[in-house]
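The values are calculated or read from the model by the stated rules, or taken from the named source; none is laboratory data. Treat the numbers as computed from the prediction; the structure is a model and nothing was measured. Virtual Cβ from ideal backbone geometry, glycine too; neighbours counted across all protein chains shown.
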Amino acid sequence: MNSSLDIFDKISRKAIDSLLYAIVVDQNGIITCMSDSYLNLLKKKREEVLGRHVYEVIPNSKLPRVLKTGKEELGELFEMIDGSIFVCNRIPIYEEGSLQGVISTATCCDLKEIEVLRMKIKNLERENRYFRNQLNEIQDWNFEQKCIVGHSEPIQRIKDAVQKIAPFDLPVLITGETGTGKEMIANSIHYLSKRREKKFIKINCAAIPHGLLESELFGYEGGAFSGALKSGKIGKFELAEGGSILLDEIGEMPLELQSKLLRVLQEHKIERIGGAKTIHIDVRVICITNCDLKTMIDEKRFRADLYYRINTVELHVPSLRERISDIPELCAHFIEKSNVNLGVQVCGVAEDVLASFMQSPWRGNIRELENTLERGCAMARTGAIQKEHLTFVGMKNIEPAQETIPAQSLTTKRENLEREEILKTLTMTAGNKSRAAKILGMDRSVLYGKIVKYRIQTEK
């Protein structure tokens, strides 16, 4: 039995020696075998390399990487110690599913041929960049067309403004009521800008506790405060480097943090919490709010200097009541979307339903319309949405408003309507907050924050 193993071992070693440059390491990276040609190249004797870690003999070896990943690497270029270039194959050795080591073989190649291939690859990369830019232009146009639905005069003005300001790195403030599609406008600005291939980082200032918002935006150094990661943490501004950052619900940002944001906008520099180093950033800032910031300035809840800095360009998104003529097109868009998401085949809305839609106050704006249509599609499944498909949400949602709304501040009206919509949705979902958040089109953490804010009682 042992003699058979010895014979097999000798055959294996002879096979490895017959290869041009071959090396075998065990699971710990220890060299167990090396071909004669490799030994000659290294000017080493066999006893000088066997039993040593591969890094000690070949400092730039990639075999430990294969030991770590367990994945083969085929056809990779590798520079030997004499400067010659070889094509390497590194293959992990498994026994009964357990990684036992790696074998690597190298083949000499023609440098002139490599140079020819390199030039071909460069040409292909150049062509790829050209066609990718062409594709981006087409995609950007399509994105803008699909993102901002409607052709009424108010929405057309927004489209024209977005097209004009998107190429310039100006701060943008997007205002409007809840549910008007402000984030979609922000998306359009980023994807129509020269920063489209970089990251678009979004953060909701109302969804994060005030004490944590600064570290989320600017990051922190290791050990900066109790509970901080030892390695520190990169902030959203650094993550967005070269791209854009969206500060949603900017009106909810605490005053002490507003001054720090103002400095970032003025100097394009940040400092991590607990850090002494100033970090230069190249980020376009887009802000969203449904608050009346001018009133907040009067009430000393928002800095006037920050307001004038973030609204270099201000876009006010019209309410659905101001663009009633877009409702038929919006219905078609949301029904098509619901058909895909729900797997149904709804073809439109009945004439009497559309007539009610055209007269409804739509206090929740486009978000309310979309949610109503989604529920209607779920009930109808096929054909057109009829009034009976909407009774479960209450026909009062799509009937003209009869009562006169008492005079209230814009903020109070918004909060009352928002609280009513959250209560209605939680009732419909039997208190399921995850489903309610999805229907309302908001992150679950944002919904939790609003439940606390509006003191809404929910079942545990």
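Yes/no matrix, rows are residues, columns are (1) at pLDDT below 85; (2) outside the structural domain of I31 (by TED's automatic domain parsing); (3) at negative phi:
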| residue | (1), (2), (3) |
| --- | --- |
| I85 | yes, no, yes |
| Q100 | no, no, yes |
| I103 | no, no, yes |
| E115 | yes, yes, yes |
| M119 | yes, yes, yes |
| E125 | yes, yes, yes |
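L229 - would you say it is of a type in the set (A, V, I, L, M, F, W, C), touching an Asp or Glu at 6+ places or on another chain (Cβ under 8 Å) and surrounded by fewer than 21 Cβ atoms within 10 Å (Cβ to Cβ)?
It is false that L229 is of a type in the set (A, V, I, L, M, F, W, C), touching an Asp or Glu at 6+ places or on another chain (Cβ under 8 Å) and surrounded by fewer than 21 Cβ atoms within 10 Å (Cβ to Cβ).
Quick check, is I286 in a strand (DSSP E or B) and in contact with an Asp or Glu (Cβ under 7 Å, 6 or more places away or on another chain)?
The answer is no for I286.
Condition check ((1) among the acidic types (D, E); (2) farther than 19 Å from L19 by Cβ; (3) over 46 Å from the mean Cα position of the chain (by Cα)) across all residues:
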| site | (1), (2), (3) |
| --- | --- |
| I31 | no, no, no |
| M34 | no, no, yes |
| Y38 | no, no, yes |
| E47 | yes, yes, yes |
| V54 | no, no, no |
| I58 | no, no, no |
| K62 | no, no, no |
| L67 | no, yes, no |
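I'm checking my understanding of the structure. Among residues of segment 271-327 that are under 28 Å from L192 (Cβ atoms), surrounded by fewer than 17 Cβ atoms within 10 Å (Cβ to Cβ) and among the hydroxyl-bearing types (S, T, Y), which one is farthest from the chain's Cα centre (by Cα)?
Result: S325.
Take segment 168-198 and flag every residue that is surrounded by fewer than 19 Cβ atoms within 10 Å (Cβ to Cβ) and farther than 30 Å from K453 by Cβ.
Selection gives F168, D169, L170, K194, R196, E197, K198.
Please verify whether segment 173-195 includes one or more residues that are more than 22 Å from the chain's Cα centre (by Cα) and assigned to a strand (DSSP E or B).
Yes, segment 173-195 contains a residue that is more than 22 Å from the chain's Cα centre (by Cα) and assigned to a strand (DSSP E or B).
Residue by residue through segment 52-73, note down the ones that are part of a loop (DSSP other than H, G, I, E, B), of a type in the set (K, R) and without any contact (Cβ under 8 Å) to a residue 24 or more places away in the chain.
R52, K71
Just checking, does segment 244-264 include any residue being under 15 Å from the mean Cα position of the chain (by Cα) and either more than 21 Å from I189 (Cβ to Cβ) or in a loop (DSSP other than H, G, I, E, B) (or both)?
no
Name every residue in segment 148-194 that is touching a strand residue (DSSP E or B) at 6+ places or on another chain (Cβ under 6 Å) and of a type in the set (K, R), in order of residue number.
K182
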